[in-house]
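Comments concern the structure below.
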Amino acid sequence: MRVRLGLGHMARYLPEPIGIKVRRCIWRGLFKRCGRNLEIFESVVIRKAENIEIGDNVTINESCYIHGRGGIKIGNNVRISPRVGIFSFNHRFDDREKPIIEQGFEKGAICIGDDVWIGHGTTITAGVNIGKGCVIAAGAVVTKSFPDYCIIGGVPAKIIKKR
């Protein structure tokens, strides 16, 4: 069996601080747009990077999974905690006569505003817009959009209060 490994995969497990520098160099060339001071920590998986735009001063912590099939835009000064999943597409499953694998996908762009903090273990689904200055509590499942300066939490996520 032959295994093909890309540069992003090989750099995934390099320890910091050298690993952060190497990953920054590799991913900068793969993203649709990439700002300054990007930090990507160990074990981050990124798919369809050519559909992802990232602003300045963004941190993506350990073990995150980001899939850009439907397009993702991450603003400036965003902090993404460990084990966050961001999925800009979803499987179709309306036709009970067909296996789900044969029904294709629905794409939905995700936009994460400036100065957002996404807590540990959060999942963000397709078509969601998260406003400027939002804080998303650990473990939230974000299935709808939220305005600026909200504190969001729960399954499914809702506004806990305004900042």
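Somewhere in segment 96-104, is a residue among the basic types (Lys, Arg) and over 14 Å from the mean Cα position of the chain (by Cα)?
Taking segment 96-104 as the starting set, the residues that turn out to be among the basic types (Lys, Arg) are 96, 98.
Restricting the remaining residues to those that are over 14 Å from the mean Cα position of the chain (by Cα) gives 96, 98.
There is at least one residue in segment 96-104 that is among the basic types (Lys, Arg) and over 14 Å from the mean Cα position of the chain (by Cα).
Of the numbered conditions (1) touching a strand residue (DSSP E or B) at 6+ places or on another chain (Cβ under 9 Å); (2) at pLDDT 95 or above; (3) under 17 Å from Cys111 (Cα atoms); (4) surrounded by fewer than 21 Cβ atoms within 10 Å (Cβ to Cβ), Asp56 fails exactly one; give the number of that condition.
Here Asp56 meets the rest and fails (1).
If a residue has to be farther than 14 Å from Ile152 by Cβ and in a loop (DSSP other than H, G, I, E, B) to count, how many in segment 91-114 make the cut?
13
With respect to Glu106, determine if the residue is modelled with pLDDT of 90 or more, acidic (Asp, Glu) and in contact with a Ser or Thr (Cβ under 6 Å, 6 or more places away or on another chain).
No, not satisfied.
Residue by residue, here is whether (1) in contact (Cβ under 8 Å) with a residue 60 or more places away in the chain; (2) small (Gly, Ala, Ser); (3) open to solvent by 80 Å² or more (accessible area, probe 1.4 Å); (4) touching a Leu at 6+ places or on another chain (Cβ under 9 Å) holds:
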position: Thr125; (1), (2), (3), (4): no, no, no, no
position: Val128; (1), (2), (3), (4): no, no, no, no
position: Gly133; (1), (2), (3), (4): no, yes, no, no
position: Ala137; (1), (2), (3), (4): no, yes, no, no
position: Val141; (1), (2), (3), (4): no, no, no, no
position: Ile151; (1), (2), (3), (4): no, no, no, no
position: Val155; (1), (2), (3), (4): no, no, yes, no
position: Lys161; (1), (2), (3), (4): no, no, yes, no
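Being within 25 Å of Lys32 (Cβ to Cβ), buried (at least 21 other Cβ atoms within 10 Å of the Cβ), in contact with a Gly (Cβ under 6 Å, 6 or more places away or on another chain) and in contact (Cβ under 8 Å) with a residue 24 or more places away in the chain narrows it down to one residue among Ser81, Ser88; which is it?
Ser88
Tell me yes or no: at least one residue of segment 33-41 is touching a residue at least 24 places away in the same chain (Cβ under 8 Å), basic (Lys, Arg) and closer than 25 Å to Gly133 by Cβ.
no
The values are calculated or read from the model by the stated rules, or taken from the named source; none is laboratory data. These numbers come from a predicted model, not from an experiment. Glycine also receives a Cβ, built like all others from the backbone with ideal geometry; neighbour counts cover every protein chain displayed. Quick note on the areas: whole protein, heavy atoms, side chains included, nothing else; ligands and nucleic acids left out. Shrake-Rupley method; radii C 1.70, N 1.55, O 1.52, S 1.80 Å.
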